[in-house]
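The structure appears below as structure tokens.
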Amino acid sequence: MLWTAADFAPAVLDWFADHGRTHLPWQNPPTPYRVWISEIMLQQTQVAVVIDYFERFMARFPDPARLATASIDEVLELWSGLGYYARARHLHQAAQKIHTDHGGVLPDSLAALQALPGIGRSTAGAILALAYGQRQPILDGNVKRVLARCFAVSGWPGQTRVQNQLWQLAEQLTPHTQVAAYTQAMMDLGATVCSRTRPNCPGCPLAAHCIANQQARIDEFPNPRPRRNRPLRPLRLLIVRDAQGAILLHQRPAVGIWGGLWSLPECAEKDTVEDWCWRTFGVSIGQMSPLPHRRHALTHLELVIEPIVVTLTQISNRISEGGNQRWLTPQQIAALGLPAPIRQLLIDVEQLNI
């Protein structure tokens, strides 16, 4: 027998009353702003990782106005290490729209929320359900997994057909009362019981009528994303220090890898490091120290990083202050938003005392 809408929500809510998470920092209190920030941070990121980032973010940006008036560098600095940096840029842009167009308050309609940068249907639904108590379905990764297994929805959830089927189920099963508790319960159920690997089926309130469980096909649902080989991209990065020990950083374009973050300059493979430095700075190299290659996996490709420490013989006057390239001390670098592998590389260089 399949679960019906009349039975499904009560079973989930009964389980939540005994086993749900109610002390996460964004739940106390669950204001629209706090829920929004947490939902964006939790995209493709585990709760245990997000908690510290969320608390630091709230301490610096306690409301949309403070976030809207901050610089993007401030935002990216607090986001450094969370990855998927477009999320941080969208948060900043959305906060500015909330500040100017909505009086500093997150709107309480699905359409208005989805019109903000970085907020899709599921995130908007979560804000409205958790913060405003509206009956809105959600479909994050955890909920997709619960529904796909319980109702044996085959196919990769990223496919339109599969996604539409899951949205239809989410809509049908969302109750008209206790919406906030139900929404949190479904996320908790997927995160703590119906996990991607080694799910705790004996502890699941839906196990009795879960098709995947009854047919011993848990590992078949949901179908994984079709595999595709991640291409390797070589990336020669220069840790350039001037005669006074300052390091050159440049701000990457807003779109693309590590968009908007501060990083190390790149030297194309066709160039020699000596030629690149002379063309860029007009001064010669005093010392050059290649470091072991290191790899960094991104969603769509894998970077093969070739770091080279370069010390110039004298100070260059070709890099002007205030642009997208700056000479910075280690203390100044610590306050900027850097990609996690770049920050770690600079820490390693400092520890090696090269």
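Read-outs throughout are calculated quantities, based only on the coordinates presented, and are distinct from any laboratory measurement. If you're wondering where the values come from, they're calculated on a predicted model, not measured in any experiment. Here Cβ is always computed from backbone atoms with ideal geometry, including for glycine, and neighbour counts include all displayed protein chains.
Output yes when any residue across the range 59-72 is under 17 Å from residue 143 (Cα atoms), part of a helix (DSSP H, G or I) and under 21 Å from the mean Cα position of the chain (by Cα), and no when none is. No.
Looking across 177, 197, 160, one residue alone is of a type in the set (S, T, N, Q), closer than 16 Å to residue 14 by Cβ and surrounded by fewer than 16 Cβ atoms within 10 Å (Cβ to Cβ). It is 177. Out of the residues in the range 127-144 meeting the condition of being under 17 Å from residue 105 (Cβ atoms) and touching a residue at least 60 places away in the same chain (Cβ under 8 Å), tell me which one is nearest to the chain's Cα centre (by Cα). Residue satisfying both the conditions and the ranking: 127. Of the candidates 202, 226, the single residue that is in a helix (DSSP H, G or I) and either touching a residue at least 60 places away in the same chain (Cβ under 8 Å) or surrounded by fewer than 17 Cβ atoms within 10 Å (Cβ to Cβ) (or both) is 202. Can you tell me which residue is surrounded by the fewest Cβ atoms within 10 Å (Cβ to Cβ) among those in the range 30-42 that are within 13 Å of residue 132 (Cβ to Cβ) and hydrophobic (A, V, I, L, M, F, W, C)? Among those that are within 13 Å of residue 132 (Cβ to Cβ) and hydrophobic (A, V, I, L, M, F, W, C), it is 35.
Looking only at residues in the range 48-58 that are under 15 Å from the mean Cα position of the chain (by Cα) and either surrounded by fewer than 15 Cβ atoms within 10 Å (Cβ to Cβ) or of a type in the set (A, V, I, L, M) (or both), the one that is farthest from residue 187 (Cα to Cα) is 52. With respect to (1) part of a loop (DSSP other than H, G, I, E, B); (2) under 25 Å from the mean Cα position of the chain (by Cα); (3) touching a residue at least 60 places away in the same chain (Cβ under 8 Å), the lone exception for residue 256 is condition (3). Looking only at the range 277-294, count every residue that is more than 16 Å from residue 315 (Cα to Cα), without any contact (Cβ under 8 Å) to a residue 40 or more places away in the chain and in contact with a Leu (Cβ under 8 Å, 6 or more places away or on another chain) and tell me the total. Total meeting the criteria: 0. Before we move on, is residue 45 touching a residue at least 24 places away in the same chain (Cβ under 8 Å) and surrounded by fewer than 17 Cβ atoms within 10 Å (Cβ to Cβ)? For residue 45, the condition - touching a residue at least 24 places away in the same chain (Cβ under 8 Å) and surrounded by fewer than 17 Cβ atoms within 10 Å (Cβ to Cβ) - is met. Among residues of the range 332-344 that are farther than 20 Å from residue 253 by Cβ, those with a beta-carbon under 7 Å from a residue that is surrounded by fewer than 22 Cβ atoms within 10 Å (Cβ to Cβ) at least six positions away or on a different chain give the pairs 335/77.
Looking at the range 154-170, is at least one residue closer than 24 Å to residue 23 by Cβ, in contact with a Lys or Arg (Cβ under 7 Å, 6 or more places away or on another chain) and not aromatic (Phe, Trp, Tyr)? No, every residue in the range 154-170 fails to be closer than 24 Å to residue 23 by Cβ, in contact with a Lys or Arg (Cβ under 7 Å, 6 or more places away or on another chain) and not aromatic (Phe, Trp, Tyr). Only one of the numbered conditions (1) surrounded by fewer than 17 Cβ atoms within 10 Å (Cβ to Cβ); (2) free of Cβ contacts under 8 Å to residues at least 60 places away in the same chain; (3) within 27 Å of residue 72 (Cβ to Cβ) is not met by residue 271, and that is (3).
This table checks each residue for (1) under 13 Å from residue 3 (Cβ atoms); (2) surrounded by fewer than 17 Cβ atoms within 10 Å (Cβ to Cβ).
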site	(1), (2)
151	yes, no
154	no, yes
165	no, no
169	yes, no
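Please enumerate the residues belonging to the range 77-106 that are more than 18 Å from the chain's Cα centre (by Cα), surrounded by fewer than 22 Cβ atoms within 10 Å (Cβ to Cβ) and in a loop (DSSP other than H, G, I, E, B). Result: 102, 103, 104, 105.
If you go through the range 206-220 one residue at a time, do you hit one that is at positive phi, part of a loop (DSSP other than H, G, I, E, B) and not charged (D, E, K, R)?
Step one: list which residues in the range 206-220 are at positive phi, which gives 216.
So of that shortlist, the ones also part of a loop (DSSP other than H, G, I, E, B) come out as 216.
With not charged (D, E, K, R) added as a condition, the list becomes 216.
Scanning the range 206-220 turns up at least one residue that is at positive phi, part of a loop (DSSP other than H, G, I, E, B) and not charged (D, E, K, R).
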